[in-house]
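To keep things clear, I will list the structure first and then write my remarks on it.
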Amino acid sequence: MSVNQPATETQIVATANPSLRRRLATSQGRSARFVRWAYRSANNFAVPAPKVLVKPLLWLFLAMRNAYYFTLRVFICEPLNKAYLTRYGRNLHTDCFIHWIQGKGDIMIGDDVILDGKISITFAARFSDRPTLEIGNGSAIGHGCMFVLGKMISIGSNCNLSGDIIVMDINGHDTDPALRWAHEAPNPDDVRPVVIRDGVWIGRRCIIFPGVRIGEGSVISAGSVVRSHVPAYSVVAGNPAKVMFRLKKPDQSGMAK
């Protein structure tokens, strides 16, 4: 409505007869002021919390919560998650979620592996008989990670993958527009295995594209989009990810040179 346009009859009536909520918010009458005071008092209400009383309640709550999640993890989630696996080693630990696994393929996990939170694994079995996800000894996969594979994704030992990482050896659609519009599957030649060597640390919300090989001991900075190979013992960042600097290669004793 322009500045000079006269108010409509509906607007005049609405102004003359404000809603109950508006009257309570703006009126200076005794009842309206009492309602506003009661509302503010209710919002500001708090009870004292002497430690001698609330500390035992907190301990009880924490004990009950830990017992619940321990039971859920050990007796329900871990056994059901292990049922998905083709092979797994000692001391495999998962969280209190059932991982989201679609399609048929092989999941092979080494010793002392942690699958934290909820992880998504999607197999595209049309490109190979048994697409395979390998995770080496001592590696940890964070919550929200997603693996999409048509052939193979290999993760070495002692790797750390933070949360919300996407690793894929296959694109979801063909790059040819005509084939994409026809809902055709990607070309099998575009399915390229991903290899992550030992000791790699991948930061949160990275994307690893098909065919990428990440060298031993490298660090992928959070939010990076990795489209090409990463040299060993290097730090990469950005979109597309580029080498920022090189790391010292440790000697046999584990100390950096």
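The values are calculated or read from the model by the stated rules, or taken from the named source; none is laboratory data. All values derive from a computational prediction rather than experimental measurement. Please note: Cβ atoms are built from the backbone with ideal geometry, for glycine as well, and neighbour counts cover all protein chains shown. Calculation scope for accessible area: heavy atoms of the full protein, side chains included, ligands and nucleic acids excluded. Shrake-Rupley method; radii C 1.70, N 1.55, O 1.52, S 1.80 Å.
Taking amide H positions as placed 1.01 Å from N in the peptide plane, with prolines and chain starts having none, which residues 5 or more places from GLY223, or on another chain, fall under 5 Å of its amide H?
Residues meeting the amide H criterion: ARG204, ARG205, CYS206.
Which of the listed residues, ILE155, VAL194, SER224, is farthest toward the dipole's positive end in the chain, when Lys, Arg count +1 and Asp, Glu count -1 at the beta-carbon?
My answer, from the dipole projection, is SER224.
In a GNM of the chain with a 10 Å cut-off on Cα contacts, which of PRO56, PRO231, PRO131 has the highest mean-square fluctuation?
PRO56
If you put +1 on each Lys and Arg Cβ and -1 on each Asp and Glu Cβ, how big is the dipole of the range 82-185 around its Cα centre, in Debye rounded to 20? Walk me through the numbers on the way to the answer.
On the way: 9 positive and 12 negative charges, 57 e Å.
So the dipole magnitude of the range 82-185 works out to roughly 280 debye.
How much net charge surrounds ILE107 when only the other residues with a Cβ under 9 Å from the Cβ of ILE107 are counted, with Lys and Arg +1 and Asp and Glu -1? Spell out each step's value before the answer.
On the way: positive: ARG87; negative: ASP106, GLU134.
Surrounding charge for ILE107 is -1.
Counting only residues 5 or more places away or on other chains, whose amide H sits under 5 Å from the amide H of MET152 once H atoms are built in the peptide plane?
Long-range HN contacts for MET152: THR132, VAL194.
Pick out which of SER157, SER31, SER234 has the largest mean-square fluctuation in a Gaussian network model of the chain, springs linking Cα atoms closer than 10 Å.
Maximum fluctuation in the GNM of the chain, among the listed residues, is at SER31.
Which one, (i) 26, 21, 19; (ii) 23, 22, 17; (iii) 52, 32, 21, gives semi-axes √(5λ) of the Cα gyration tensor in Å as derived from the coordinates shown?
(iii)
Mind checking the dipole of the chain: about its Cα centre, +1 per Lys or Arg Cβ, -1 per Asp or Glu Cβ, Debye to the nearest 20?
1580
Can you send over the solvent-accessible area of TRP100, 1.4 Å probe, protein chains only, in Å² to the nearest 10?
Ignoring ligands and nucleic acids, TRP100 comes out at about 140 Å².
Tell me which residues come under 5 Å, amide H to amide H, from LEU92 once H is placed; ignore anything under 5 positions away on its chain.
ASP112, VAL113
I'd like the Karplus ³J(HN,Hα) series for the range 241-246: coefficients 6.51, -1.76, 1.60, θ = phi - 60°, whole numbers in Hz, and an x wherever there's a Gly or Pro.
5, 10, 5, 8, 6, 9
If the label point is 7 Å along Cα→Cβ of LEU179, which residues in the range 105-131 have backbone nitrogen under 18 Å from it?
Zone members listed by number: 124-128.
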